[in-house]
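Student: Next up is a structure, given as structure tokens.
The values are calculated or read from the model by the stated rules, or taken from the named source; none is laboratory data. Small disclaimer: the values here were computed from a predicted structure and weren't measured. Neighbour counts are summed over all protein chains in view; Cβ atoms, including those assigned to glycine, are modelled from backbone coordinates with ideal geometry. We work out accessible area using only protein heavy atoms, side chains counted, and drop any ligands, DNA or RNA first. Shrake-Rupley method; radii C 1.70, N 1.55, O 1.52, S 1.80 Å.
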Amino acid sequence: MTAAAIMTSEPAPIQACTVSRDVSNFDLLIEDMETELGESWGDLTFDEAVIFLSQPDAEQLEFIAIAVDGEDEDELTKISGIITEAKDRNIRVILIADEVSPIALHQLLRLGADDFVPYPLPEGALHDAIERLGQAAPPPEMAPNMNAPTFSASGNHDGVVLPVHGLSGGVGASTFAVNLAWEMATIHDGKKKKKDPSTSPKVCLLDLDLQFGAAATYLDLPRREVIYEMLADTEHMDKETFRQAMLSFNDKLDVLTAPTDMLPLDLLSGEDLERLIDMARAHYDFVVIDMPSTVVSWTETVLNKAHLYFALIELDMRSAQNVLRMQRALKSEGLPTEKLRYVLNRAPKFTDLNGKARVKRLAESLDISLELLMSDGGKQITQANDHGLPLALSAPKVPLRKEFQKLAGSLVELNEAVEAAA
């Protein structure tokens with residue numbers, strides 16, 4: 001079909017059209033459009049779409065499929081205008097992208113595209129996208145499709161949410177999150193007389209530092225494109241999509257690593273985080289979240305979902321000032337500051353009386369309780385992180401590892417006691 005075919009009257013009404021620089025670059029899309037719509041579709045270039053969407057005939061369209069690749073990033077302004085015009089006319093938009101940068105794709109999705117499908121098109125992906133739009137019925141020769149993927153947090157768990165937030169750069173928040181998650185996931189290992197290792201809680205670690213997330217490095221796990229695809233479309237995330245995005249470390253701990261590329265932190269909304277956390281809670285006993293040090297729009301959502309919110313600081317002026325800033329920000333929004341548990345990382349040794357006095361003065365001046373004092377792991381921490389191993393596997397006898405083990409044990413025991421009481 002051509003743009004000219006759309007401009008003229010035809011017996012079969014045009015239900016949809018593709019919009020691209022050159023539709024011949026997307027041969028799989030042509031095949032799928034013909035399968036789904038027969039002759040009831042057309043194709044437009046970007047320039048033709050700008051003109052056509054302003055005409056009354058465009059109101060008959062049920063949806064447009066905008067296909068873009070890396071060469072189209074110079075035309076983002078024009079493509080954005082097409083999406084905006086389509087949305088103004090209540091025309092649904094399916095975005096089909098082939099090797100487009102995450103920043104550009106994020107910009108287009110934020111304008112209101114109703115669905116996103118990567119190119120080359122996976123088997124049945126366009127069919128499912130059209131079904132989700134609720135517009136075009138499948139041709140009679142095709143077998144009926146099962147329900148389109150929708151968000152479903154079905155599971156038999158009710159996980160405890162434990163975000164970890166470094167209030168200053170380099171305070172060790174990612175190290176804390178990784179080692180805490182691992183210790184909880186293996187809390188009953190090596191204790192066969194008391195507990196069966198198979199009864200250890202199910203734990204997942206979500207690395208939500210979309211730009212500099214280190215969980216993948218600290219556990220020697222690959223970063224994959226599928227993670228971005230899931231995060232960019234949480235509305236249609238289901239159990240299988242979530243599972244595919246997770247990676248297992250030593251068959252004990254499931255991890256959602258940060259995406260391959262640096263992404264804007266506002267890629268996610270509060271609604272996205274609610275869906276992601278609800279899905280994780282439904283399938284795990286504990287959900288540890290490695291937060292970015294930056295406070296973003298969805299920090300409030302995570303805080304409201306959290307059972308405890310670990311805030312890591314060090315014994316220095318920058319941490320003290322950031323604690324005050326954090327407290328003011330949360331109180332001004334009426335957020336639950338009582339969930340915060342301040343953790344002093346690289347705390348002075350027990351024999352350092354001067355250091356202990358400084359810790360006491362810090363807590364008193366900030367009017368906070370430093371409930372956890374984590375010792376300095378020194379070279380062992382750096383080596384463990386560089387080797388992609390938790391301390392328990394790299395340096396199990398260092399004091400810091402025992403502190404993680406003790407904290408994990410107390411959290412697991414408290415949760416088991418609550419469940420038993422319920």
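Student: Using Cα atoms only, what is the angle between the long axis of helix 76-88 and the major principal axis of the chain, expressed in degrees (0 to 90) to the nearest 10?
Tutor: Between the helix axis and the principal axis of the chain, the angle is about 80 degrees.
Student: Follow-up. Bins of 5 Å, beginning at zero and ending with the bin holding the largest distance: percent of Cα pairs per bin for the stretch 242-311, please.
Tutor: 3, 13, 25, 27, 20, 10, 1
Student: Using the Cα gyration tensor of the stretch 27-101, with a ≥ b ≥ c the square roots of its eigenvalues, what is the shape: rounded (a/c below 1.5), prolate (a/b larger than b/c) or oblate (neither)?
Tutor: Values: a/c = 1.92, a/b = 1.06, b/c = 1.82.
Note, shape of the stretch 27-101 comes out oblate.
Student: Can I ask one more? Out of 66, 51, 130, any idea which swings most in a Gaussian network model of the chain, alpha carbons joined below 10 Å?
Tutor: 51
Student: What percentage of the solvent-accessible surface of the stretch 256-319, computed with a 1.4 Å probe over protein heavy atoms, is contributed by carbon and sulfur atoms?
Tutor: Numbers: 970 of 1990 Å².
Whole-percent figure for carbon plus sulfur exposure: 49.
Student: Treat every Asp and Glu Cβ in the chain as -1 and every Lys and Arg Cβ as +1, leave all other atoms uncharged, and give the resulting dipole magnitude about the Cα centre to the nearest 20 debye. Numbers along the way, then the final one.
Tutor: Numbers: 38 positive and 68 negative charges, 852 e Å.
My answer is approximately 4100 debye.
Student: Rounded to the nearest 0.05, what FRET efficiency is calculated for residue 324 and residue 71 with R0 set to 51 Å and r the Cβ-Cβ distance? Walk me through the intermediate numbers first.
Tutor: Values: r = 49 Å, r/R0 = 0.97.
The formula returns an efficiency of 0.55 here.
Student: For residue 333 and residue 367, compute 0.36 nm times the residue count separating them, minus their Cα-Cα distance, and round to one decimal in nm.
Tutor: Details: separation 34, 0.36 × 34 = 12.24 nm, distance 1.94 nm.
Gain in length upon complete extension: 10.3 nm.
Student: Which three extents, in whole angstrom, do the alpha-carbon atoms of the chain cover along their principal axes, largest first?
Tutor: Cα spread of the chain along its principal axes, largest to smallest: 88, 47, 40 Å.
Student: Please work out the Cα center distance from the stretch 226-301 to the stretch 337-371, rounded to the nearest Å.
Tutor: About 31 Å separates the Cα centre of the stretch 226-301 from the one of the stretch 337-371.
Student: Mind checking which of 377, 70, 334 has the largest fluctuation in a GNM of the chain, springs on alpha carbons under 10 Å?
Tutor: Among 377, 70, 334, the largest GNM mean-square fluctuation belongs to 334.
Student: Right, something else. So between residue 123 and residue 240, what do we pick up on full extension, going 0.36 nm a residue minus the alpha carbon distance?
Tutor: My answer for the length gained is 40.5 nm.
Student: How high is the relative contact order of the chain, given as a whole-number percent (alpha carbon pairs under 8 Å, six or more residues apart)?
Tutor: Working: 729 pairs, mean separation 62.8, N = 422.
Worked out over the chain, it gives 15 percent.
Student: Mind jotting down a quarter of the surface of the convex hull over the alpha carbons of the stretch 347-408, in square nanometres, one decimal? Don't skip to the end; give the middle numbers.
Tutor: Working: hull surface 19.9 nm².
The Cα convex hull of the stretch 347-408, projected and averaged over all directions, gives 5.0 nm².
Student: Another question about this same structure. What are the residues whose amide H is under 5 Å from the amide H of residue 347, where those residues sit 5 or more places off or on another chain and H is modelled from the backbone?
Tutor: Under 5 Å from the amide H of residue 347: 374, 375, 376.
Student: Counting just the Cα atoms, what span does the stretch 173-313 cover along each of its three principal axes? Round to the nearest Å and put the largest first.
Tutor: On the principal axes, the stretch 173-313 reaches 48, 36, 27 Å in Cα extent.
Student: Quick one: which residues, 5+ away or cross-chain, put their amide H under 5 Å from the amide H of residue 44? H built at 1.01 Å from N.
Tutor: 18, 19, 20
Student: Shifting gears a bit: Modelling each spin label as a point 7 Å along the Cα-to-Cβ direction, I'd like the residue 352/residue 293 distance in nm, to one decimal.
Tutor: Label-label distance for residue 352 and residue 293, simple model: 1.9 nm.
Student: DSSP beta bridges in the chain, what fraction antiparallel, as a percent rounded to 5? Before the final figure, lay out each step's value.
Tutor: Details: 3 of 48 bridges.
Antiparallel: roughly 5 percent of the beta bridges in the chain.
Student: Among 167, 353, 400, which one shows the biggest mean-square fluctuation in a GNM of the chain, springs joining Cα atoms closer than 10 Å?
Tutor: Of the options given, 353 has the highest mean-square fluctuation.
Student: Over the heavy atoms of residue 239, what accessible area does a 1.4 Å probe trace out, to the nearest 10 Å²?
Tutor: Here the residue's solvent-accessible area equals roughly 100 Å².
Student: Per DSSP helix of 4 or more residues, -39500 (n - 2.57); summed, then divided by the residues of the chain. What does that give at 222 nm, rounded to the nearest 500? Provide the component values of the computation, followed by the final result.
Tutor: On the way: 17 runs with 172 residues, N = 422.
The per-residue figure over the chain is -12000 deg cm²/dmol.
Student: Per residue, how many Å² of accessible area does the chain show with a 1.4 Å probe? Walk me through the numbers before you get to the answer.
Tutor: Numbers: 19860 Å² over 422 residues.
Result: 47 Å² of accessible area for each residue.
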